[in-house]
Amino acid sequence: MPRITKRLVDNSFPKEKEYTVWDNEIKGFGCRILPTGYKTYVFYYRSPVTRKSSYIKIGVHGNYTPDMARDRAKQLTAEIARNIDPKEQKRVEILEEQTLIRFDIFWEIFTKKYIHENHKPLTIKNDQYRIKNHILPFFKEKLIGDINQKDILAFKDSLLHIKNTFTKCSRLLSVAFNQAELWGYRPKGSNPCVGVPKVLEKKMENYLTDEQLKRLENILTERSQVGLASPYTLSAFRLIIYTGCRLGEVLTLKWEDVDLRNSCLRLKDSKTGKRVIPLNDIAKKIIMNVEKQNENQYVFCGNIPGTHLVAIQKTWQRIRKKAGIPHIRIHDLRHSFASFAINNGGLDLIEVQKLLGHKDIAK
């Protein structure tokens, strides 16, 4: 084997299969010649840690001279003599560098790689306030690898005066730290949210009585007749009442999801994935009476052509006040559907949970 020089590498021409020109001075040092003409300096060795054969790419011929590659090969030989695996050492150094990035920089990575890939637009929108006003201000300057359980407890204490906020923030943080472990920004099993007690929060569970439902129906009918609100908005409220759908599922409902022939809605992308929602006679009638707009795929159309309903909270606040039910939220219409299905429809909890598409009937 000759000593690797520039002339030797330049005169090593491609063949049908790749081959390596080995150096006669440094064991494991060579130049790999690919059929494409691509030439790379490499160093093969047996790991002093795992005892397995491995190799390291030193650099591309042209960017590296033979002398530069030779010096690097000597360094690698010395590391192995000290029982250091160069690849493992590099991996450790990269992990150490990753743990030194700030939380706000990691959050940008988490947002791009996880949130935008796995969360629905409405969920992202709802989380933005908590991220911007609570999570980032508290953690942003801390190093992702240094955050511990004491920090999470301190964060919890800072939010005790804001109802329901810590629980929602901690769920999001826990997912972020799990991903940080998966991507190598934190050691395995180091999620600081694990073991932190959740805040015991009293869930708001309001239900319409039969009498309140009649009053609400009268107000919806009255407003529809005199044109005090968008017919799409009024119909959306009624469909929630008689199907138990989530608000987001109704607002983004498309005509292609409606199967009147089989009396159901076929949602392709609900919060819990694909699901079929049965339509009773009232629900079918509500949808059949909705005016279908040309060039609009949505059942409940927004003010801008081609869009769906978005802002309906103010309309609901006026309607519930007029109906004498100021404490009832739109989400409570879902609770009411569950209550009516059990008390009047003779369904059990398991059946109603399936209709709602959720593990917890209260959600």
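The values are calculated or read from the model by the stated rules, or taken from the named source; none is laboratory data. Being a predicted model, the structure only gives us computed values, none of them experimental. Ideal geometry is used to build each Cβ from the backbone, glycine not excepted, and the neighbour counts take in all protein chains shown. Note: areas computed on protein heavy atoms with side chains; ligands, DNA, RNA excluded. Shrake-Rupley method; radii C 1.70, N 1.55, O 1.52, S 1.80 Å.
Restricting attention to region 153-183, the residues that are within 21 Å of the chain's Cα centre (by Cα) and either of a type in the set (Lys, Arg) or surrounded by 14 or more Cβ atoms within 10 Å (Cβ to Cβ) (or both) add up to 18. Contact map, region 239-264: first residue more than 18 Å from Asp281 (Cβ to Cβ) and among the aromatic types (Phe, Trp, Tyr), second residue open to solvent by less than 20 Å² (accessible area, probe 1.4 Å) and assigned to a helix (DSSP H, G or I), Cβ cut-off under 7 Å, separation 6 or more or different chains; the map is empty. Among the conditions (1) within 30 Å of Ile144 (Cα to Cα); (2) not in a strand (DSSP E or B), Ile56 misses just one, which is (2). Residues considered: Lys156, Lys163, Lys188, Lys198. Of these, the only one that is modelled with pLDDT of 90 or more, farther than 16 Å from Phe103 by Cα, outside any helix (DSSP H, G or I) and of a type in the set (Lys, Arg) is Lys188. Could you list all residues from region 59-71 that are among the β-branched types (Val, Ile, Thr) and assigned to a loop (DSSP other than H, G, I, E, B)? Answer for region 59-71, where residues must be among the β-branched types (Val, Ile, Thr) and assigned to a loop (DSSP other than H, G, I, E, B): just Thr65.
Is there a residue being assigned to a loop (DSSP other than H, G, I, E, B) and without any contact (Cβ under 8 Å) to a residue 12 or more places away in the chain anywhere in region 7-15? Yes. All told, Tyr44 falls short of being buried (at least 18 other Cβ atoms within 10 Å of the Cβ), hydroxyl-bearing (Ser, Thr, Tyr) and over 14 Å from Arg3 (Cα atoms).
Table: residues versus (1) out of contact with any strand residue (DSSP E or B) (no Cβ under 7 Å at 6 or more places or on another chain); (2) closer than 22 Å to Lys120 by Cβ; (3) at pLDDT below 80; (4) surrounded by 14 or more Cβ atoms within 10 Å (Cβ to Cβ).
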| site | (1), (2), (3), (4) |
| --- | --- |
| Lys271 | yes, yes, yes, yes |
| Arg275 | no, yes, no, yes |
| Ile287 | no, no, no, yes |
| Pro305 | yes, no, no, no |
| Ile330 | yes, yes, no, yes |
| Gly346 | yes, no, yes, no |
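Please go through region 242-269 and give me each residue that is closer than 15 Å to Thr315 by Cβ and either open to solvent by less than 20 Å² (accessible area, probe 1.4 Å) or charged (D, E, K, R) (or both), ordered by number.
Matches in region 242-269: Val250, Leu251.
Contact map, region 58-83: residues that are closer than 13 Å to Lys27 by Cβ paired with residues that are open to solvent by less than 40 Å² (accessible area, probe 1.4 Å) and part of a helix (DSSP H, G or I), Cβ distance under 6 Å, separation 6+ or inter-chain. Pairs shown: Leu76/Pro86.
The condition of being of a type in the set (Val, Ile, Thr), in contact (Cβ under 8 Å) with a residue 12 or more places away in the chain and surrounded by fewer than 17 Cβ atoms within 10 Å (Cβ to Cβ) holds for Val199.
Residues considered: Lys112, Lys87, Lys74. Of these, the only one that is part of a helix (DSSP H, G or I), open to solvent by 90 Å² or more (accessible area, probe 1.4 Å) and within 21 Å of Ile147 (Cβ to Cβ) is Lys112. Please go through region 10-25 and give me each residue that is open to solvent by less than 20 Å² (accessible area, probe 1.4 Å) and closer than 20 Å to Gln75 by Cβ, ordered by number. Correct list: Asp23 only.
Answer yes if at least one residue in region 129-140 is open to solvent by 30 Å² or more (accessible area, probe 1.4 Å), free of Cβ contacts under 8 Å to residues at least 24 places away in the same chain and of a type in the set (Phe, Trp, Tyr), and no otherwise. There is at least one residue in region 129-140 that is open to solvent by 30 Å² or more (accessible area, probe 1.4 Å), free of Cβ contacts under 8 Å to residues at least 24 places away in the same chain and of a type in the set (Phe, Trp, Tyr).
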